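The values are calculated or read from the model by the stated rules, or taken from the named source; none is laboratory data. The shown structure was predicted, so the numbers you read here are calculated from the model rather than taken from an experiment. For neighbour counting, all protein chains shown are included, and Cβ atoms are generated from backbone atoms with ideal geometry for every residue, glycine included. Each accessible area value is taken on the protein alone, full model and side chains, heavy atoms only, with ligands, DNA and RNA left out. Shrake-Rupley method; radii C 1.70, N 1.55, O 1.52, S 1.80 Å.
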Amino acid sequence: GDGVPNWVEFKAGTVPTDVLSVLRLVTERRQGQGQSQNRGITLRWPSVADKRYVIEGSTSLSGGDWTVLAENVLGTGQDLEFTDVPAVRQAQFYRVRIAD
């Protein structure tokens, strides 16, 4: 009843009958010494052991191309982290998906 098809939940390793069992992405901006020091964005998500994840980024949610930032990230059953330090400061959107 959460709007996610059971086959998608099976692929993600989440439990369709548990509303708390979801693939969610949390972000945290990293700053160095002074405001001009960009240390990037850290992405954190709960992983499922032996699932492989792909991290992608895009500068637009409407019609933008998604660029692979990391692939074959192996799940451990614990939270995973990935830090992106873009060369240019601009709006950036992220997604984590299960590898096919």
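Residue count for region 1-27, restricted to those that are among the hydrophobic types (A, V, I, L, M, F, W, C), out of contact with any strand residue (DSSP E or B) (no Cβ under 7 Å at 6 or more places or on another chain) and within 24 Å of L43 (Cα to Cα): 7.
Results for (1) surrounded by 13 or more Cβ atoms within 10 Å (Cβ to Cβ); (2) at pLDDT 90 or above, shown as yes or no for each residue.
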site: L23; (1), (2): yes, no
site: Q31; (1), (2): no, no
site: T42; (1), (2): yes, yes
site: N72; (1), (2): no, yes
site: R95; (1), (2): yes, yes
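Contact map, region 74-86: residues that are over 12 Å from W45 (Cβ atoms) paired with residues that are assigned to a loop (DSSP other than H, G, I, E, B) and hydrophobic (A, V, I, L, M, F, W, C), Cβ distance under 6 Å, separation 6+ or inter-chain. Pairs shown: G77/A49.
Please indicate, with yes or no, whether at least one residue in region 58-73 is touching a residue at least 40 places away in the same chain (Cβ under 8 Å) and not charged (D, E, K, R). No, region 58-73 contains no residue that is touching a residue at least 40 places away in the same chain (Cβ under 8 Å) and not charged (D, E, K, R). Residues considered: T67, T76, T17, T83. Of these, the only one that is open to solvent by 40 Å² or more (accessible area, probe 1.4 Å), more than 13 Å from the chain's Cα centre (by Cα), hydroxyl-bearing (S, T, Y) and at pLDDT 90 or above is T76. Within the set D100, D50, the sole residue that is assigned to a loop (DSSP other than H, G, I, E, B) and in contact (Cβ under 8 Å) with a residue 12 or more places away in the chain turns out to be D50. Applying the criterion of being touching a strand residue (DSSP E or B) at 6+ places or on another chain (Cβ under 6 Å) and in a loop (DSSP other than H, G, I, E, B) to the residues of region 53-64, the residue that is most open to solvent (accessible area, probe 1.4 Å) is L61.
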